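Structure first, commentary second.
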Amino acid sequence: MTQEKKMFYQRTVDDVMSQMKAHPTGLSDQEVKDRREQFGANRLTSKRRTTLIEKFISQFKDLMIIILIIAAIIAGFAGETVDAAIILAVVILNAVFGVFQESKAENAIDSLKEMSAPMATVLRNNQPMSIKSEDIVPGDIVLLEAGDVVPADVRLIEANSLKIEEAALTGESVPVNKQVDPIVEDDLPLGDRKDLGFMNSNVTSGRATGVVIGTGMNTEVGKIAHMLNTTEETTTPLQENLKSLGKMLTVLILVIAVIVFAVGMWRGQESLINMLLTAISLAVAAIPEGLPAIVTVTLALGTQQMARHRALIRKLPAVETLGSTDVIASDKTGTLTQNKMTVEKVFLNEKLQDSADTHLTLNDRLAQIMVLNNDTKYQENELAGDPTETALVSFYLHQDQPVQKFVNSHRRLAEIPFDSERKLMSTYNQMDDGQILMTMKGAPDQLLERVTKIQDGDNVRDITDDDKRLISVTNHDLATQALRVLAFAYRLVDTVPTELTSAAQEHDMIFVGLIGMIDPERPEVAQAVAEAKSAGIKSIMITGDHQDTAQAIAKRLGILGRGDNPGGKVINGAQLDEMSDDQFNREVADISVYARVAPEHKVRIVKAWQKQGKVVAMTGDGVNDAPALKTADIGVGMGITGTEVSKEASDMVLADDNFATIVTAVKAGRKVFANIQKSLQYLLSANLGEVLTLFVMTMMGWQILAPVQILWINLVTDTFPAIALGVEPAEPGIMKRKPRGRTSNFLSGGIMSNILYQGFFEGFITLCVYAFAITNPVHASDALAHADALTMAYATLGLIQLFHAFNSKTIHESIFRIGMFKNKFFNWALLGSAVLLIMTIVIPGFNEMFHVTELTASQWLVVVFGGFMIVVVSEVVKYIQRHISHK
């Protein structure tokens with residue numbers, strides 16, 4: 001088939017259709033099923049997923065784990081069989097946790113890929129239908145239009161002004177004009193095969209129909225996919241930052257481990273084997289090797305939460321970037337508004353009132369004109385036609401008026417169609433009394449020129465200059481509120497005239513009223529804009545609409561202030577073009593609304609904000625929006641109205657096209673970043689506490705914790721609590737904080753200082769408990785007193801980390817204000833970790849294995865009190881930090 005496929009561009013449409021066994025009406029269900037079994041899914045083969053066994057084995061490739069295994073072997077040969085067994089057990093459990101974290105992240109990412117699977121339109125059983133691209137089979141008839149991604153390799157059957165951008169395959173950035181006629185030349189390059197469409201290329205304009213000639217890896221892009229599968233994946237900046245942090249910590253901790261080993265040997269307080277195992281255990285325990293996995297899990301779980309709120313994340317690091325957003329630049333129609341014209345004001349009988357307060361029936365003349373002078377099509381569950389006309393019909397449908405029945409029983413006999421010059425439309429409809437109702441709707445100024453009378457309640461009278469003045473003023477007031485205004489008039493005639501022209505018939509009309517319509521703002525957007533503002537995020541509107549309309553909607557949403565002080569400039573595309581780059585860069589922070597702009601202006605707006613050091617989220621739905629979406633720090637595509645090109649260029653896709661969803665996603669991004677900071681602060685401060693404890697013990701010549709004790713503390717306190725912190729709910733007031741800035745990192749915002757003082761106090765308190773136990777022994781024997789002291793230090797170092805996990809639930813706020821036990825997973829994680837720690841002391845048989853003694857009630861009281869002291873210390877420091885920051 002490969003050789004045949006190379007010649008598809010040379011064959012006629014009929015020949016290709018015959019070869020592919022395709023039909024103009026599309027394949028049947030049975031044919032699709034048979035071909036799916038024969039050719040498989042229309043997807044590109046990715047790298048083979050590693051099995052659980054392979055994931056498990058890969059956990060042992062880490063340098064520190066290899067050193068630990070060697071240490072266990074040395075301990076075994078030295079006769080320390082129990083220590084060797086426990087070390088190996090810890091290694092295996094660490095590997096199990098690593099596999100769990102990696103699998104959790106992969107599953108989360110896979111579920112997101114499924115949610116954002118691209119769609120395609122095909123013809124099957126003579127019916128167009130939207131299906132997942134992977135369900136396409138050879139011989140399918142595909143329907144393409146501007147904005148679509150070509151879902152498979154196709155031979156074009158019909159093409160109307162079709163252009164396809166194929167840069168990914170050909171390197172040519174200019175879209176190719178496509179044709180249907182076969183090409184006779186042999187061995188043409190892909191760019192010259194103008195009667196073919198290639199998988200994953202982008203339709204930039206026109207429409208087309210094509211028959212699928214290749215799917216999946218049997219496409220031209222499949223060849224590229226094969227090459228990609230043989231190359232290594234690149235790391236993201238987030239992963240690189242974590243890698244750099246890990247390297248720095250590894251070097252620092254290895255130096256400390258070497259010092260501990262050297263000083264311990266110099267003092268002669270432990271054997272060579274014990275000091276070697278201690279130094280290795282210290283290094284393994286202190287290096288947060290699980291941090292990258294925890295970060296990945298936290299990001300992946302964050303994407304799943306966002307998906308539940310209708311925000312689909314396409315690129316994992318975008319979650320973290322979202323949390324630092326400074327500016328949200330949004331389209332108006334459909335994102336800030338409902339993309340649905342709605343009647344908002346009614347002017348009738350010289351009174352202007354809200355539509356909600358207007359109750360008309362189809363016996364009222366205004367209602368009759370609105371539904372009869374109307375080309376709306378009535379389909380099963382929706383209306384089709386011009387949005388303005390469907391809004392007029394919807395106004396009565398929402399009042400449970402039998403509109404369709406009324407229209408059908410008052411058939412249209414003739415009409416004078418709308419044209420852009422006179423801005424009017426007139427119809428003739430048969431009424432029940434035998435008369436014919438001539439209706440007119442259109443621009444108020446044009447209609448007023450054709451009226452001589454006015455409906456006043458149930459009466460008709462001559463129209464006066466005062467009447468016309470009131471109508472004109474009302475029209476102007478409604479227009480300044482960004483409402484689209486239509487006027488309505490009528491007269492009764494006996495027969496349909498033979499000369500259906502405006503000049504001959506559109507005169508002596510009776511004015512009835514005005515209707516003001518608008519594409520209303522989404523009800524939740526104003527609150528979202530206010531929430532973004534309180535979070536220090538600037539919302540700006542970019543629209544192709546008229547400047548007055550944009551300004552009015554922006555005021556209603558709070559993007560602009562009300563009254564004479566709007567709090568932001570409104571400019572149009574022409575004014576933007578007149579600005580130099582320097583001038584625009586100076587003024588961009590003061591501009592809140594861009595009206596009458598083209599999509600290409602968006603790139604300039606994004607770059608201007610980025611030059612101010614701001615992180616920009618930009619929405620877009622069209623093909624021309626793709627460059628701006630790629631340029632923005634967060635490109636936001638529209639899931640409903642967006643083209644496939646815009647979605648592919650985006651970092652995030654809104655399933656509901658709603659601005660409020662962006663703000664919700666920013667909040668989730670802030671929460672994810674904060675939770676990663678919490679996990680990082682917890683891990684590094686706990687590890688620092690362990691390092692300081694052993695370092696000071698060694699320097700002071702005291703007995704030191706056994707290697708198995710260090711490793712067990714690390715195992716039970718690092719894994720589950722750190723993951724649990726990654727799924728903490730958002731803190732109260734998280735959207736009251738200012739954006740953290742483009743240059744911030746996980747150690748900024750006071751995290752580094754917190755790690756240092758918290759790690760210091762964890763070590764200090766542990767050493768204090770050890771010193772207290774030595775100076776206040778329960779047993780007279782020095783050996784038992786020292787054994788008790790080490791056991792109490794071991795228990796304190798473990799419990800103090802679990803207590804500290806509560807501190808880490810919030811960076812600066814008091815844990816007693818945010819609620820200590822809201823996160824059920826966190827509660828169970830800490831309870832499980834505490835049980836695993838305590839059982840090594842209280843369960844018979846574990847004492848000898850972990851080199852611990854049974855503690856008395858008073859000793860346990862000292863241990864628990866010592867562990868809880870880290871909460872007291874942290875609360876005091878947080879209080880001081882808050883007090884200083886509020887000054």
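Observations, loosely collected:
- Among the residues making up the stretch 689-704, those that are under 47 Å from the mean Cα position of the chain (by Cα) and not hydroxyl-bearing (Ser, Thr, Tyr) are Gly689, Glu690, Val691, Leu692, Leu694, Phe695.
- Across the stretch 231-276, the number of residues qualifying as more than 27 Å from Ile294 (Cβ to Cβ), surrounded by 14 or more Cβ atoms within 10 Å (Cβ to Cβ) and modelled with pLDDT under 65 comes to 1.
- Residues located in the stretch 182-214, provided they are of a type in the set (Val, Ile, Thr) and either out of contact with any Phe, Trp or Tyr (no Cβ under 7 Å at 6 or more places or on another chain) or outside any loop (DSSP other than H, G, I, E, B) (or both): Val184, Val203, Thr204, Thr209, Val211, Val212, Ile213
- Screening the stretch 414-440 for residues that are over 48 Å from the mean Cα position of the chain (by Cα) and charged (D, E, K, R) and picking the one that is modelled with the lowest pLDDT gives Asp433.
Per-residue answers, yes or no, for (1) among the hydrophobic types (A, V, I, L, M, F, W, C); (2) not assigned by TED's automatic domain parsing to the domain that holds Ser808:
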{"site": "Lys607", "(1), (2)": "no, yes"}
{"site": "Gln610", "(1), (2)": "no, yes"}
{"site": "Asp625", "(1), (2)": "no, yes"}
{"site": "Gly635", "(1), (2)": "no, yes"}
{"site": "Met638", "(1), (2)": "yes, yes"}
{"site": "Ala686", "(1), (2)": "yes, no"}
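- Per the listing Met792, Met735, Met752, the residue uniquely without any contact (Cβ under 8 Å) to a residue 60 or more places away in the chain, in a helix (DSSP H, G or I) and under 52 Å from the mean Cα position of the chain (by Cα) is Met752.
- The residue that is nearest to Thr464 (Cα to Cα), among those in the stretch 515-550 that are touching a Leu at 6+ places or on another chain (Cβ under 7 Å) and surrounded by 22 or more Cβ atoms within 10 Å (Cβ to Cβ), is Ile515.
- Unique match (being among the small types (Gly, Ala, Ser), assigned by TED's automatic domain parsing to the domain that holds Glu499 and in contact with a Phe, Trp or Tyr (Cβ under 7 Å, 6 or more places away or on another chain)) among Ala414, Ala391, Ala356: Ala414
- Helices (runs of 4 or more DSSP H) fully within the stretch 804-887 counting 3 or more residues that are at pLDDT 90 or above and surrounded by 15 or more Cβ atoms within 10 Å (Cβ to Cβ): 824-842, 857-885
- Single residue of the stretch 441-461 satisfying the filter (within 48 Å of the chain's Cα centre (by Cα) and either among the basic types (Lys, Arg) or outside any strand (DSSP E or B) (or both)) that is surrounded by the fewest Cβ atoms within 10 Å (Cβ to Cβ): Asp445
- Residue within the stretch 32-43 that is surrounded by 13 or more Cβ atoms within 10 Å (Cβ to Cβ), in the same structural domain as Met849 (by TED's automatic domain parsing), outside any helix (DSSP H, G or I) and modelled with pLDDT under 90 present: no
Listed here are the residues, each with its yes/no results for (1) at pLDDT 90 or above; (2) aliphatic (A, V, I, L, M).
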site: Arg484; (1), (2): no, no
site: Arg491; (1), (2): yes, no
site: Ser539; (1), (2): yes, no
site: Ala595; (1), (2): no, yes
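- Enumeration of residues in the stretch 755-789 that are in a helix (DSSP H, G or I), of a type in the set (Val, Ile, Thr) and surrounded by fewer than 22 Cβ atoms within 10 Å (Cβ to Cβ): Ile755, Ile774, Thr775
- Of all residues in the stretch 127-147 being among the aliphatic types (A, V, I, L, M) and buried (at least 22 other Cβ atoms within 10 Å of the Cβ), the one that is farthest from the chain's Cα centre (by Cα): Ile141
- Meets criteria (part of a strand (DSSP E or B) and either buried (at least 24 other Cβ atoms within 10 Å of the Cβ) or within 13 Å of the chain's Cα centre (by Cα) (or both)) for Gly637: yes
- Leu228 of a type in the set (A, V, I, L, M, F, W, C), more than 30 Å from Thr661 (Cβ to Cβ) and at pLDDT below 70: yes
- Restricting Asp651, Asp657, Asp625 to those that are over 27 Å from Met735 (Cα atoms), crowded, with 21+ Cβ neighbours inside 10 Å and among the acidic types (Asp, Glu) reduces the list to Asp625.
- Subset tally (residues that are of a type in the set (Ser, Thr, Tyr) and over 21 Å from Lys423 (Cβ atoms)) for the stretch 445-500: 3
- Residue satisfying condition, being of a type in the set (Ser, Thr, Tyr) and modelled with pLDDT under 85, within set Thr333, Thr342: Thr333
- Single match in Thr325, Thr337, Thr333, Thr298 (criterion: buried (at least 20 other Cβ atoms within 10 Å of the Cβ), under 30 Å from Asp477 (Cβ atoms) and not aromatic (Phe, Trp, Tyr)): Thr337
One line per residue, one yes/no per condition, for (1) within 14 Å of Gln677 (Cα to Cα); (2) polar (S, T, N, Q):
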{"site": "Thr698", "(1), (2)": "no, yes"}
{"site": "Gly701", "(1), (2)": "no, no"}
{"site": "Trp712", "(1), (2)": "no, no"}
{"site": "Val716", "(1), (2)": "no, no"}
{"site": "Phe720", "(1), (2)": "no, no"}
{"site": "Gly741", "(1), (2)": "no, no"}
{"site": "Ser753", "(1), (2)": "yes, yes"}
{"site": "Tyr757", "(1), (2)": "no, no"}
{"site": "Phe764", "(1), (2)": "no, no"}
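- Residues in the stretch 473-492 that are more than 44 Å from the chain's Cα centre (by Cα) and either surrounded by fewer than 17 Cβ atoms within 10 Å (Cβ to Cβ) or among the small types (Gly, Ala, Ser) (or both): Val473, Ala489, Leu492.
- Single condition Ile454 does not satisfy, out of (1) at pLDDT below 95; (2) touching a strand residue (DSSP E or B) at 6+ places or on another chain (Cβ under 7 Å); (3) of a type in the set (Val, Ile, Thr): (1)
- Helices (runs of 4 or more DSSP H) completely within the stretch 463-536 that count 1 or more residues being within 22 Å of Glu449 (Cα to Cα) and of a type in the set (A, V, I, L, M, F, W, C): 465-480, 502-505
- Checking each residue in the stretch 322-366 for being in a strand (DSSP E or B) and β-branched (Val, Ile, Thr) picks out Val327, Ile328, Thr337, Thr342, Val343, Val346.
The values are calculated or read from the model by the stated rules, or taken from the named source; none is laboratory data. Keep in mind that what you see is a predicted model, and the values were worked out from it rather than measured. Heads up, the Cβs are rebuilt from the backbone with ideal geometry, glycines too, and the neighbour counts pull from every protein chain shown.
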